Amino acid sequence: MKIEKISDTQIKIILNQADLKNRDIKISELAYGSKKAQELFRDMMETALEEHDFDTHNVPLMIEAVPLSVDSIMIIVTKVEHPFEIGEKITPFRSKSNTRTFKKKSVNLEEETSSLIIYSFDKLDDVVEVSNRIYHLYCGANSLYKDIYNNRYFLVLHKNYFVNSNPSEIESILSEYGNKHVSSPLSEGFLAEHGEIMIQNKAIEVLKKHLA
């Protein structure tokens with residue numbers, strides 16, 4: 001976790017996959033205020049106070065979440081002097097510490113992050129081999145993206161469609177060839193915006209039939 005003070009009224013917090021994994025928190029929980037997310041937020045604010053003298057006690061806040069990569073997210077916390085002048089851009093909720101906070105409605109975090117599986121691979125040949133092995137185990141929507149900056153291939157699978165198998169069986173095969181990433185709509189959205197879509201919706205089928 002990295003905290004940077006932008007001004008007296010605003011800080012920037014970077015959370016990576018390890019930060020979320022250590023606390024067993026899904027990205028969606030940051031938006032929907034689970035108990036673990038509230039504890040993380042309190043810890044972040046305490047750290048901001050200790051390291052940057054950024055005091056948020058009894059202060060209205062606006063929280064914005066912005067994906068930086070498949071595995072990291074930036075949270076911007078802003079003190080709001082007149083919160084109700086912002087209108088529909090923010091929605092209030094309360095944490096257990098009774099500190100009133102706000103989050104932007106424009107941040108689209110789905111309630112369930114477990115509906116996706118995202119793995120990345122060094123080589124296209126690895127994706128082809130994986131597709132060949134899981135083709136008869138999976139029949140759902142799946143897409144292949146390329147990160148043109150890091151030259152890696154990302155396979156995104158929706159968990160709803162498995163044939164004669166379960167997600168853990170398929171993930172066991174995927175992990176032999178690639179690395180798992182934070183699997184959320186935010187992550188897929190980042191790939192769609194910053195990556196190159198190579199095969200949409202039927203990546204496994206196309207790779208199996210034409211390249212395997």
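Please order L157, L116 by the number of other Cβ within 10 Å, starting at the fewest.
L116, L157
Can you quote the Å³ per residue value for the convex hull of the Cα atoms in the range 116-210, rounded to an integer?
81
Counting other C-beta atoms within 10 Å, which of I204, I76 has the fewest, and how do the rest follow?
Listing I204, I76 from fewest to most nearby Cβ atoms yields I76, I204.
Subtract the Cα-Cα distance of H210 and N151 from 0.36 nm times their separation in residues, and report this length gain in nm to one decimal.
Taking 0.36 nm per residue and subtracting the Cα distance, the gain is 19.1 nm.
Describe numerically, in nm with one decimal, the distance between label points set 7 Å from Cα along Cα→Cβ at S34 and at K2.
2.6
Can you give the FRET efficiency to the nearest 0.05 for N58 and S115, using r as the Cβ-Cβ distance and R₀ = 45 Å? The partial results should precede the final answer.
Values: r = 38 Å, r/R0 = 0.84.
About 0.75, to the nearest 0.05.
Readers should treat all values here as calculations from the given coordinates under stated rules, not as data from a laboratory. All values derive from a computational prediction rather than experimental measurement. Because the Cβ atoms are built from the backbone with ideal geometry, glycine has one as well, and the counts that use them run over all protein chains shown.
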